[in-house]
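J.: Sending over a structure as C-alpha cells; questions will come in a sec.
The values are calculated or read from the model by the stated rules, or taken from the named source; none is laboratory data. As the structure is a computational prediction, the values presented were derived from the model and not from experiment. Ideal geometry is used to build each Cβ from the backbone, glycine not excepted, and the neighbour counts take in all protein chains shown. Ligands, DNA and RNA are stripped out before the accessible areas are found, and what is left, the full protein with its side chains, is counted by its heavy atoms. Shrake-Rupley method; radii C 1.70, N 1.55, O 1.52, S 1.80 Å.
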Amino acid sequence: MNDVNDTNTLCVPALRKTGRKKETVAMLLAGGQGSRLGALTEKMAKPAVPFGGKYRIIDFALSNCTNSNIDTLGVLTQYQPLELNSYIGNGHPWDLDRINGGVYVLPPYMSAKAGEWYRGTANAIYQNISFIEQFNPEYVVILSGDHIYKMDYSLMIDFHKEKGADATIAVQQVPIEEASRFGIMVTDENQRITAFEEKPPVPTSNKASMGVYVFTWPILRNYLIQDENDPGSSNDFGKNIIPAMLACGNPMYAYTFNDYWKDVGTIESLWEANMDLLSSESTLNLYDANWHIYSRNPGMPPHYASRDANISESMVTEGCEVSGTVTNSILFAGIRVDRNSTIKNSVIMPNTIIGSGSFINYAIVAEDVTIGCDVKFKGSSSSLITVIGPGAVIPDGSVIEDGARISADDAIRLFGEVR
Amino acid sequence: MKDVFGLIISGSEEQELRDLTMIRSIAAVPIAGRYRVIDFFLSNLVNSGIHNVGVITYQNYHSLMDHIMGGVEWDLSRKRDGLFILPPMSQHTSGAKYYDGTAEAINGVRSYINRCSQNTCILHTNCRTLFNTTYMDLKAFHNESGADITVMYHEPEVLSYPGSKSEIRLEVDDDGNVTDMFTGKSLMNSHKIAMDIYMIDKSLLMQLVDASIMRGGSDFVRDVIIANKNRLRIKAFRYDKPSYKIDTLEGYFKASMAFLDPEIRRELLEGSGPIYTKVKDEVPARYSRDSVVSNSLVTDGCVVEGSVENSILFRGVQVAKGAVLKNCIIMQESLIQSNAVLENVILDKKCTILRGRRLVGTQNYPMVVSKGSTI
C-alpha cells in the first residue's frame, strides 16, 4: 500500500462533501451477460430477465435496498443495458426517486484521459469512486443483481459495525458436498474469516459467499486504488480484493444468512427458482406485507379465466386471458392461452401467445413469443428444460424436442419466416 | 387539447348504491377488479392529452384521496399543471361549509379555475357513467357548432333497468339543440340521458355560475343550464360507443358483469386508451390444486382454492377450499372461508364470510355486504 497517497490525488477529484452525506451507499453489479441463460439474455442483461410472474431478477436486490432503508444506490450496467435502463428509469416503482440519493444507472464512460469497459467487479467500483465520494459514506454495500432472496442489509451493516469489521461477507451454509462450487469462507468461532478458498476441491467449510459485501469505505477505497495499480490483477472482488485484505490482516467477518437464496445463473436454476414459488414448502414468502418485492407494474386489467379454463397449482398475472389448461406453471402478464392447449410445469413470460391445442411441458417460454396451434413440446423430463427465446415464432404443428434452446433467429432458421 | 382542462365533481349524496357509497363518494367506488370509478374519468382526460385536472371532493373523501394521491399513476404529477385535489368547501366569507350543489361546488373552487391557463373546461358534474373515450370529437363538435355549452349524452336503445331518480334526460330538437333538461325518470319519453359531461368556456362558466349563485342557485344543471336554456346555445353531443350507468346498485352489478365479456372489457379498458389505476405491487394470483375458475376476472394478490364462477375478484381476495362463488363481486382483501356459498353477492372491502355460511341475493337485487363486515 505504498502508493496509496499518490494515486489518491490522481484519480479522485476534489468533491464537496457537504450536505449529502449518506451513511451507506449500495453498488449493484448488473453488467453480467449471464451467458448460461442463452437465448434469454441475448438481448438483455441477466438482472433484467423476468422472474416469478411479475418481477425481474433485479427487483429483489432493489426491493431489499428499499426495505433495508438504503436509499442511495448505483446500478452498474454494461452488457445490453437498454432493457435494464428503461426498466429502472427514475426508480419510482422501488421508491428510489429521491431528492437526496436515489438510484443511479452507471454505465462505463469516457474520461479526458481514457475510457474503458468495466474489466472486473472491483474495476467497476473503482471507476465509480467519484460517484460514491459524492455521498461521503461510511459503508459501501456491494450487491449482485442476479440472486433471488429477501435480505435485510441493515442487519448485516449492524453486524459489521458491532464486529468493527473492515469487510463483512454474507455467507450461506450449503451442503458440504456442494461447497466446491462456491467461494468458501473459513471462519473462527467469532465468525472472523481466517481463510478464503475459491471453489476448493476439498472444502474445509460450508460457508459459501453470496456475493453480498459490506465494506468500510475508506479502507475499500484504498484497496481498489492499489488493485487498479497492479497490472497482474484481474480486478475482481473474489479473486483479488478479498484475498489482499485477508493477507494484510484487515478484520473481516462472515455474516451467516440462512433464508432462501438462489443464484439463477442457469436455465435449470431459473426454472427451479420459479417453481419454488409454487411449492407450499418454499421459504420465499412474497406475501410479506413488511417486505414487499416491488416491480414496474404493467398496469393491465385483472386476468380472465374463461369458461374453458382449467387452472390449478399456478400463478397467473394481470392481463392474461386463459382458455386452456394451466397446471403447476407461472404465467406472466398479458399472456393468451387458447382453448384446448395445456401448459404444465412451465414458465411463460410476458405477452406470449399460446395457440389452441398446443402442449407445453418443462419449458421456459420467453416474452413476446408466438406459439402456433397444435405445437407439441415433448417435455418429458424436468432435467431437460426447453427454452424458447424472446420474440420467437413457432409455427402451427411444430414439434419441440426435449431440452431444445430456440432463439428468435433459430426459429426462423428452423421453421422459416412465418407470415 | 392544449387549451382544455378537466374539472371533476366527484360525487354527492344522492346516489343509489346503498352501502357502497356509505363510506365513499361514487368516484371512489371500486370496479372491475382493480379500478376505481374515477380511473375512467382521469384516464379519458389524460388519453385526450389533457394534463390539468381538478377533482372537487365531497364529504367522505379520504378514500378518494388515498387512491389518487399526487396523480402519478395517471401521469398527472407534473411541474406545470397536473392533478389538483380541491376540498369541498363552498365560498362563504363566514366560515367554511360543504357545498350543496354542483354550481356551489364550482363556485367554491373559483381560484383554481381562474388560475388555469386553459380556456375551455370539460366539466364532469358526476361520475356515474363508465366509458372509455377521448374528447377530441367532443371538442371538434363544440368548436364547429359554435355552442356555448355542449352536453354529452348517450341513448341506450332499451333501458334494461330503471335509472336513478336523479338521472338527467334531454329534450333535443332536430338541429341538435338542447331545448330542455329534466331531472328524474319517467317525466318524459326521451331516452337521451346526459352523461354529466359538459364542455364550456371558462369565462362563460364563471359568469353563469356567478349569476346563478347571486340568485340563490346551487345546482349546475337546474340553475345554470335550464335557467338559461333560452339565452344560450346548448348543443347535444351523442356518444355512440358502449357506456354503462352505475348510479343504481342494479346498474353497478350489470356494468361489473359486462366486464366479463372479452369485447366489452377490451372496449372499456383499452378502447381509446388504457385505463390507469393505482399500483399496489401485489403478487400474481395463485391457484391451488382444487381451484375451479370459470368466466371470471381475478386480480393479482388473490389466492383461489375454491370454486369461482361468473365473478370478479379484486386484489388480495382469498377463497378457501370448498367455498363456492357464483355471480359475485368480491372487493379487496375479503376472505371467504371454506365451504361458504355466495350467489349474487357484492362484498365490499375487507369482509370475512365465515366457514359454511350461505348468502344468496338475486340478479336484480344483489345482496350487498358493507365494508369490514364479518358474517
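J.: Could I have the simple spin-label model distance between B:ARG115 and B:ASP240, label points 7 Å from Cα toward Cβ, reported in nm to one decimal?
T.: 4.1 nm
J.: Filter the cross-link list B:LYS278/B:LYS321; A:LYS54/B:LYS280; B:LYS254/B:LYS278; A:LYS43/B:LYS278; A:LYS150/A:LYS262; B:LYS278/B:LYS349 down to pairs whose alpha-carbon distance in this structure exceeds 20 Å.
T.: Values: B:LYS278/B:LYS321 30 Å; A:LYS54/B:LYS280 12 Å; B:LYS254/B:LYS278 24 Å; A:LYS43/B:LYS278 31 Å; A:LYS150/A:LYS262 10 Å; B:LYS278/B:LYS349 16 Å.
Pairs exceeding 20 Å: B:LYS278/B:LYS321; B:LYS254/B:LYS278; A:LYS43/B:LYS278.
J.: Using alpha-carbon pairs under 8 Å, 6+ residues apart, how would you state the relative contact order of chain A in percent? Let's see the in-between values first.
T.: On the way: 982 pairs, mean separation 55.9, N = 419.
Over chain A, the number comes to 13 percent.
J.: What is the Cα centroid distance between the stretch B:198-246 and the stretch A:204-282, reported in whole angstrom?
T.: Going from one Cα centre to the other spans 68 Å.
J.: Any chance you could check the Cα centroid distance between the stretch B:262-276 and the stretch A:99-176 for me, in angstrom?
T.: Cα centroid to Cα centroid, the span is 44 Å.
J.: With both bridge residues required to lie in the protein assembly as shown, what share of the DSSP beta bridges run antiparallel, to the nearest 5%? Intermediate results must be reported in sequence, preceding the final value.
T.: On the way: 55 of 158 bridges.
That works out to approximately 35 percent antiparallel.
J.: Another question, if that's okay. Averaged across the residues of B:299-305, what count of C-beta atoms belonging to other chains lies within 10 Å of each residue's C-beta? Present the calculation step by step, with values, prior to reporting the outcome.
T.: On the way: counts 5, 12, 2, 3, 1, 4, 1.
Mean partner shielding for this stretch: 4.
J.: Of A:PRO200, A:ILE99, A:GLN172, which is farthest towards the positive pole of the stretch A:96-210's charge dipole, taken about the Cα centre with +1 and -1 on the beta-carbons of Lys, Arg and Asp, Glu respectively?
T.: So the residue furthest toward the plus end is A:ILE99.
J.: List the lysines whose Cα lies under 16 Å from the Cα of A:LYS344, skipping any in the same chain that are fewer than 8 positions away.
T.: A:LYS376, A:LYS378
J.: Quick query: amide H of B:TYR99 versus all other amide H atoms, modeled in the peptide plane; which residues come in under 5 Å with a sequence gap of 5 or more or a different chain?
T.: B:SER90
J.: On to the next question. Mind checking the full-extension length gain between A:ILE176 and A:HIS92? Use 0.36 nm per residue of separation minus the Cα-Cα distance, one decimal, nm.
T.: Working: separation 84, 0.36 × 84 = 30.24 nm, distance 4.15 nm.
Going from the current span to full extension adds 26.1 nm.
J.: Further question on the same structure: Given a Förster distance of 35 angstrom, what is the FRET efficiency for B:MET367 paired with A:ASP259, based on the Cβ-Cβ distance and rounded to 0.05? Intermediate results must be reported in sequence, preceding the final value.
T.: Working: r = 44 Å, r/R0 = 1.26.
E(calc), rounded to 0.05, equals 0.20.
J.: So, one more: Treating only the Cβ atoms of Lys and Arg (+1) and Asp and Glu (-1) as charged, compute the dipole magnitude of chain A about its Cα centre; round to the nearest 20 debye. Don't skip to the end; give the middle numbers.
T.: On the way: 33 positive and 48 negative charges, 127 e Å.
Computed about the Cα centre, the dipole is about 600 debye.
J.: Then there is this: How far is helix B:37-47 tilted, in degrees, relative to the longest principal axis of the Cα atoms in chain B, given as a value from 0 to 90 rounded to the nearest 10?
T.: 60 degrees
J.: Report the residues of the stretch A:384-419 in range of a label on A:GLN33: point 7 Å along Cα→C-beta, backbone N strictly under 18 Å from it.
T.: Inside the label zone: A:389-390, A:406-410.
J.: Assuming R0 = 22 Å, can you tell me the calculated FRET efficiency for the pair A:ASP374 and B:GLU263, based on Cβ-Cβ distance, to the nearest 0.05?
T.: The pair A:ASP374/B:GLU263 has a calculated efficiency of 0.25.
J.: I need the calculated FRET efficiency for the pair A:GLU272 and A:GLU401, taking r as the beta carbon distance and R₀ as 30 Å, to the nearest 0.05. Present the calculation step by step, with values, prior to reporting the outcome.
T.: Values: r = 21 Å, r/R0 = 0.70.
Step by step, r from the Cβ atoms, then E = 0.90.
J.: Further question on the same structure: Indicate the gyration tensor shape class of the stretch A:35-149 (rounded, prolate or oblate), computed on the Cα atoms with a ≥ b ≥ c the square roots of the eigenvalues: a/c under 1.5 is rounded; otherwise a/b larger than b/c is prolate and the rest oblate. Present the calculation step by step, with values, prior to reporting the outcome.
T.: On the way: a/c = 1.81, a/b = 1.12, b/c = 1.61.
Oblate, since a/c reaches 1.5 and b/c is not below a/b.
J.: Accessible surface of A:THR256 in the full protein assembly, 1.4 angstrom probe, to the nearest 10 Å²?
T.: 50 Å²
J.: Any idea what angle helix A:153-163 forms with the longest principal axis of chain A, computed on alpha-carbon atoms, 0 to 90 degrees, nearest 10?
T.: Once rounded, the angle reads 30 degrees.
J.: List residues of the stretch B:283-310, by number, whose backbone nitrogen lies under 20 Å from a label position 7 Å along Cα→C-beta of B:ILE375.
T.: Residues passing the 20 Å test: B:297, B:303-310.
J.: Another question about this same structure. Out of the chymotrypsin sites (Phe, Trp or Tyr not before Pro) in the stretch A:262-365, which ones are loop residues according to DSSP with at most 15 other C-beta atoms within 10 Å?
T.: On the way: sites: A:TRP271, A:TYR287, A:TRP291, A:TYR294, A:TYR304, A:PHE332, A:PHE359, A:TYR362; in loops: A:TYR287, A:TRP291, A:TYR294, A:PHE332, A:TYR362.
Those satisfying the criteria are A:TYR287.
J.: Here's something else I'd like to know. Taking a label point 7 Å from the Cα of B:MET69 along the Cα→Cβ vector, which residues of the stretch A:280-295 have an amide N closer than 16 Å to it?
T.: A:290-295
J.: For the stretch A:274-344, calculate the relative contact order in percent as a whole number, restricting contacts to Cα pairs under 8 Å that are 6 or more residues apart. Can you show the working numbers first?
T.: Details: 129 pairs, mean separation 18.1, N = 71.
Result for the stretch A:274-344 is 25 percent.
J.: Place a +1 charge on the Cβ of each Lys and Arg in the stretch B:217-370 and a -1 charge on the Cβ of each Asp and Glu, then give the dipole magnitude about the Cα centre in debye, rounded to the nearest 20. Mind dumping the intermediate values first?
T.: Numbers: 23 positive and 18 negative charges, 84 e Å.
Using only the charged Cβ atoms, the result is roughly 400 debye.
J.: For the residue pair B:ILE23 and B:ASN143, what label-to-label distance in nm results when each label sits 7 Å from Cα along the Cα-to-beta-carbon direction?
T.: Spacing of the two 7 Å Cα→Cβ label points: 4.6 nm.
J.: Leaving ligands, DNA and RNA out of it, work out the accessible area of A:CYS248 with a 1.4 Å probe and give it in Å² to the nearest 10.
T.: Accessible surface of A:CYS248 is approximately 80 Å².
J.: Right, next: Could you work out how far the C-alpha centroid of the stretch B:38-93 sits from that of the stretch B:105-131, in angstrom?
T.: One Cα centre to the other: 10 Å.
J.: Now for a separate question. Within 10 Å of each Cβ in peptide A:314-326, how many partner chain Cβ atoms are there on average? Round it to a whole number, please.
T.: Numbers: counts 6, 6, 9, 6, 11, 2, 3, 3, 2, 1, 0, 0, 1.
Mean partner-chain Cβ count within 10 Å for A:314-326: 4.
J.: Follow-up question, since we're still on this one. Along each principal axis of its Cα atoms, how long is the stretch A:287-419 end to end? Whole angstroms, biggest number first, please.
T.: So the extents along the principal axes, rounded to whole Å, are 48, 31, 31.
J.: So for the stretch B:216-267, taking the charge dipole from beta-carbon charges (+1 Lys/Arg, -1 Asp/Glu), which of B:SER243, B:ALA258, B:GLY217 sits furthest toward the positive end?
T.: B:GLY217
J.: Let me ask something else. Put a dot 7 Å past each Cα toward the Cβ at A:ASP288 and B:ASP180; how far apart are the dots in nm?
T.: 6.8 nm
J.: Kindly work out what percent of the DSSP beta bridges joining two residues of chain B are antiparallel, to the nearest 5.
T.: Working: 25 of 75 bridges.
Bridges in chain B are about 35 percent antiparallel.
J.: Amide H to amide H, which residues 5 or more places from A:ASP374 or on other chains are under 5 Å from it, using H placed in the peptide plane?
T.: Under 5 Å from the amide H of A:ASP374 lie the amide H atoms of A:SER356, A:GLY357, A:SER358, A:GLY397, each far enough along the sequence or on another chain.
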